[in-house]
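Engineer: First the structure, then my questions, so here it is.
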Amino acid sequence: MNVRMGHGYFPEKTRHIHHIPAFIHHIPHISPIHSPHSPDSATFVTLKFGCAKFPPYLCRPNFKDMNPAIDFVHAQLTVTKEVPKFKAGDNITVNYKIIEGNKERIQSFKGDVIKRQGQGATATFTVRKVSDAVGVERTFPVNSPNIESIVLNKTGKVRRAKLYFLRSRSGKSARIKEKRVK
């Protein structure tokens, strides 16, 4: 079984796969094409991706909504907590459970969110703070059972989703303006 990928100005790439799932005919982005010129009358599957900005080998179909049974089981197994809406640039306090031996305590980590990534159960966010003139970044899973609470302190006014430029700044240039709420 071969998979033919490509469209537009880029040459098609062909990859060999051993099997195609039974539900491939129900996926809107994939259409099977039978080729009489191939040996063993192999089936070619042309993957049509709807992205014009990138080459086809960088575009992938959205497999998130392709199988409702997998989505249902995934939703049942993942425990989602109510967290406040925050984004990159916001100043938050994360109260995190620390277990030391048989003792359990809560440690707070206050800083600016420099990125949010992922979706669903695997979503994470990174918080950066400066402690004793040393930048400290910590990445937390959004749905971690060890997160006691997330408190939104300030809403930042930024124009980027990833604030990596803060790593090279210190002092007043590392500050983030606060968004005024009307």
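Engineer: Against the condition modelled with pLDDT of 95 or more and open to solvent by 40 Å² or more (accessible area, probe 1.4 Å), how does Lys85 come out, does it pass?
Structural biologist: So Lys85 does not fit the description; no.
Engineer: Being exposed (fewer than 11 other Cβ atoms within 10 Å of the Cβ), β-branched (Val, Ile, Thr) and under 21 Å from the mean Cα position of the chain (by Cα) is true for just one of Val79, Val158, Val94, Val142. Which residue is that?
Structural biologist: Of Val79, Val158, Val94, Val142, the one residue that is exposed (fewer than 11 other Cβ atoms within 10 Å of the Cβ), β-branched (Val, Ile, Thr) and under 21 Å from the mean Cα position of the chain (by Cα) is Val79.
Engineer: Let me ask another. Hey, among the residues in the range 115-139 that are outside any strand (DSSP E or B) and not polar (S, T, N, Q), which one's most open to solvent (accessible area, probe 1.4 Å)?
Structural biologist: Applying the filter and picking the extreme gives Asp132.
Engineer: Restricting to the range 163-182, count the residues that are under 20 Å from the mean Cα position of the chain (by Cα) and part of a loop (DSSP other than H, G, I, E, B).
Structural biologist: Residues meeting the conditions: 1.
Engineer: Pull out all pairs, ordered by first then second residue, where Cβ-Cβ is under 7 Å, the residues are six or more apart or on different chains, the first lies in the range 131-148 and is without any contact (Cβ under 8 Å) to a residue 40 or more places away in the chain, and the second is open to solvent by 80 Å² or more (accessible area, probe 1.4 Å) and not in a strand (DSSP E or B).
Structural biologist: Within 7 Å, the pairs are Gly135/Arg167.
Engineer: Looking only at the range 151-162, decide whether some residue is small (Gly, Ala, Ser), closer than 18 Å to Lys179 by Cβ and either in a loop (DSSP other than H, G, I, E, B) or in contact with a Leu (Cβ under 6 Å, 6 or more places away or on another chain) (or both).
Structural biologist: Scanning the range 151-162, I find at least one residue that is small (Gly, Ala, Ser), closer than 18 Å to Lys179 by Cβ and either in a loop (DSSP other than H, G, I, E, B) or in contact with a Leu (Cβ under 6 Å, 6 or more places away or on another chain) (or both), so the answer is yes.
Engineer: Out of (1) assigned to a strand (DSSP E or B); (2) modelled with pLDDT under 95; (3) surrounded by 13 or more Cβ atoms within 10 Å (Cβ to Cβ), what's the single condition that is false for Pro61?
Structural biologist: (1)
Engineer: Can you name every residue in the range 97-108 that is surrounded by 10 or more Cβ atoms within 10 Å (Cβ to Cβ) and either of a type in the set (Gly, Ala, Ser) or under 15 Å from Val158 (Cα atoms) (or both)?
Structural biologist: Of everything in the range 97-108, just one residue is surrounded by 10 or more Cβ atoms within 10 Å (Cβ to Cβ) and either of a type in the set (Gly, Ala, Ser) or under 15 Å from Val158 (Cα atoms) (or both), namely Ser108.
Engineer: If you don't mind, another one. Assuming Val151 fulfils every condition listed in (1) modelled with pLDDT of 90 or more; (2) of a type in the set (A, V, I, L, M, F, W, C); (3) open to solvent by 80 Å² or more (accessible area, probe 1.4 Å) apart from one, which condition is it?
Structural biologist: Going through the list (1) modelled with pLDDT of 90 or more; (2) of a type in the set (A, V, I, L, M, F, W, C); (3) open to solvent by 80 Å² or more (accessible area, probe 1.4 Å), Val151 breaks only (3).
The values are calculated or read from the model by the stated rules, or taken from the named source; none is laboratory data. Quick caveat: nothing in here was measured; it's all calculated off a predicted structure. Don't worry about glycine lacking a Cβ; one is built from the backbone with ideal geometry, like all the others, and counts go over all protein chains shown. The area values use the complete protein model at the heavy-atom level, side chains included, leaving out ligands, DNA and RNA. Shrake-Rupley method; radii C 1.70, N 1.55, O 1.52, S 1.80 Å.
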